[in-house]
1. For region 184-205, name all the residues that are open to solvent by 80 Å² or more (accessible area, probe 1.4 Å), in a helix (DSSP H, G or I) and farther than 30 Å from residue 151 by Cβ.
2. Identify all residues within region 239-252 that are in a helix (DSSP H, G or I) and open to solvent by less than 40 Å² (accessible area, probe 1.4 Å); write none if there are none.
3. Which residues, counting only those in region 210-264, are among the charged types (D, E, K, R), within 16 Å of residue 153 (Cβ to Cβ) and in contact (Cβ under 8 Å) with a residue 24 or more places away in the chain?
4. Which condition breaks for residue 131 when tested against (1) closer than 22 Å to residue 15 by Cβ; (2) of a type in the set (Val, Ile, Thr); (3) open to solvent by 30 Å² or more (accessible area, probe 1.4 Å)?
5. Residues to consider are 105, 125; find the one that is surrounded by 23 or more Cβ atoms within 10 Å (Cβ to Cβ), closer than 26 Å to residue 252 by Cα and not small (Gly, Ala, Ser).
6. Within region 65-83, identify whether any single residue is open to solvent by 70 Å² or more (accessible area, probe 1.4 Å), closer than 28 Å to residue 229 by Cβ and not in a loop (DSSP other than H, G, I, E, B), and answer yes or no.
7. Identify, by number, the condition in (1) crowded, with 19+ Cβ neighbours inside 10 Å; (2) assigned to a helix (DSSP H, G or I); (3) modelled with pLDDT of 95 or more that residue 42 doesn't meet.
8. Can you pull out every residue in region 136-152 that is open to solvent by 20 Å² or more (accessible area, probe 1.4 Å) and under 24 Å from residue 206 (Cα atoms)?
Amino acid sequence: MSTYEALTVDIADHIAQVTLMGPGKGNAMGPAFWAELPVVFGELDADPDVRAIVLTGSGKNFSYGLDLMAMGHTLSAVMTEGSTAKPRADFHAHLKTMQQAITSVADCRTPTIASVHGWCIGGGVDLISAVDIRYASADAKFSVREVKLAIVADVGSLARLPMILSDGHLRELALTGKDFDAARAEKIGLVNDVYPDADASLAAARATATEIAANPPLVVNGIKDVLDEQRTAQVAASLRYVAAWNSAFLPSRDLAEGIKAMFEKRPPNFTGE
């Protein structure tokens, strides 16, 4: 494997561990993350020696989600009042590239297991919605927070969570942007199990990966392929729709206010403009 800026990859005993490294605070997802994630999962998918993948975060948190400081250029052009078709088309193309980065995890033929600790916000939820199995530590906290920034979540959560959560739970979380803890995440089915701390959660993820790796690889790949076939078309259609929707309607005064309020650490004042 190559050397990466936003991720580390360690392979031993047929198990790969992919660890989010930042470089943004709280493993926030900046340009390096979006560029490197599909490369890493493409290489792991093609490696016959890798039979299971564990995904976790470094430090105290899984991920704060999108790194708005580092990714501001993506929004700046399309946010210009009265912006023409070209910046919207460029935004649409960039958004589809980001969607594909998360889809590279979902489409990986090798089983994936996430171990979540600390904060898992926005893009972090997009990412874990793309894996097969999710574990969490007792201190884990989650939020589908895009609504708080006047953004429709657009890289995976609204496409994949409908097949993980009940409709009512998903709508509550997506429409409020509220924070919820590991106990609630387990209760509603976002995570399979909750463990006392990050080490215990990671150990459980690695133990499950070991169990999977001991099974016949072609059959394991086949199980994933058959299960994924039931949702591939639905997810792809949802991602196409939200990419078009956000390219048309994302630019707003509320978006600018949401981002400004976040950096100023104050409640936003949305006006519907």
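The values are calculated or read from the model by the stated rules, or taken from the named source; none is laboratory data. Predicted model only: the values in this text are computed from it and were never measured. Every residue, glycine among them, receives a Cβ derived from its backbone with ideal geometry; neighbour counts consider all protein chains shown. Surface accessibility is based on the protein's heavy atoms, side chains included, excluding ligands, DNA and RNA. Shrake-Rupley method; radii C 1.70, N 1.55, O 1.52, S 1.80 Å.
1. 199
2. Taking region 239-252 first, the residues in a helix (DSSP H, G or I) are 239-249.
Selection gives 239, 242, 243, 246, 247.
3. Residues of region 210-264 among the charged types (D, E, K, R): 211, 224-225, 228-229, 231, 240, 253-254, 257, 260, 264.
Filter once more, keeping what is within 16 Å of residue 153 (Cβ to Cβ): 240, 254.
If the condition is that a residue be among the charged types (D, E, K, R), within 16 Å of residue 153 (Cβ to Cβ) and in contact (Cβ under 8 Å) with a residue 24 or more places away in the chain, then 254 is the only one that fits.
4. So residue 131 meets the others, but not (3).
5. Values: 105 fails: closer than 26 Å to residue 252 by Cα.
The unique qualifying residue is 125.
6. Scanning region 65-83 turns up no residue that is open to solvent by 70 Å² or more (accessible area, probe 1.4 Å), closer than 28 Å to residue 229 by Cβ and not in a loop (DSSP other than H, G, I, E, B).
7. For residue 42, the exception is condition (1).
8. Applying the first criterion (open to solvent by 20 Å² or more (accessible area, probe 1.4 Å)) to region 136-152 yields 138-139, 141, 145-152.
Within region 136-152, 138, 139, 141 meet the criteria.
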